[in-house]
1. More than 13 Å apart: what percent of Cα pairs in segment 1-62 qualify?
2. Using only alpha carbon pairs under 8 Å that are at least six residues apart, calculate the relative contact order of the chain and give it in whole percent.
3. Size of the dipole of the chain about the Cα centre, Lys and Arg at +1 and Asp and Glu at -1 on the beta carbon, nothing else charged, in debye to 20?
4. Can you give the alpha-carbon Rg of the chain over 2.2 N^0.38 Å, where N counts its residues?
5. Between S73, L151, L11, whose Cα lies farthest towards the positive end of the dipole of the chain when Lys and Arg beta carbons carry +1 and Asp and Glu beta carbons carry -1, centred on the Cα centre?
6. Taking the Cβ of D154 as the center, what net charge do the other residues with Cβ under 14 Å away carry, scoring Lys and Arg +1 and Asp and Glu -1?
7. For the chain, what does the helix formula give at 222 nm: sum of -39500 (n - 2.57) over DSSP H segments with n ≥ 4, over the residue count, nearest 500 deg cm²/dmol?
8. In segment 14-159, what is the count of Lys pairs whose alpha carbons are under 23 Å apart, counting only pairs at least 8 residues apart or on separate chains?
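Values quoted throughout were computed directly from the atomic coordinates according to the rules given, and no laboratory measurement underlies them. Computed from a predicted model, the values in this text were never measured in an experiment. All Cβ positions, even for glycine, are placed from backbone atoms using ideal geometry, and neighbour counts span all protein chains on display.
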Amino acid sequence: MIWLGEKRGYLTDWTTQRWVEYTGKRLNESDLTWLRGPIGNTSLIGKESVAEVAANENLLIDEQLQERGLMDSFKALDGPAFSSETVAKEVSEFYENTSAYEMNAWAHWCGFFKPFGVSLALLFSRRLQQLNVPLNGLDTSKGMSSDVIQLKDDTGAVKYVA
């Protein structure tokens, strides 16, 4: 892996970001404030980055083992272009009670596509600890976590959820 420095990160990441920048659709960030979130560093975006964001933004990490969701209310997404009423009830329940769910997965890649999965894992997933798609059934044999971590400000308001 070729390192381009703290600002750019690894060559593979920088190249991917440029590809997205040039081929993607430009959006007005002020119209999509609900999409805003912290941006991780250039070398790792795993569980450690939650603590890094909390420290940088003076937030408290709340990892209490209680039932909670990625969102307090799915209706928070309602707006001119979207209504939570159009989404299946099970979807909104998942987002509001994420930690109550369990998932079992078994991976089997079709031979033609497996090299793409392996490339994704080698270039990005394993190093960044993001988009960790299982490459075989044993990758998920120990289960997956459904922990929901909230980052709160000094008033107790939730700012981010991971």
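1. Value for segment 1-62 (Cα pairs over 13 Å): 72 percent.
2. The normalised contact order for the chain reaches 25 percent.
3. It works out to roughly 840 debye.
4. The reported ratio for this selection is 1.20.
5. With unit charges placed on the Cβ atoms, the residue in question is L11.
6. Net local charge, D154 excluded: -1.
7. After summing the helix terms and dividing by residue count, I get -6500 deg cm²/dmol.
8. Taking the Cα cut-off of 23 Å, the pair count is 7.
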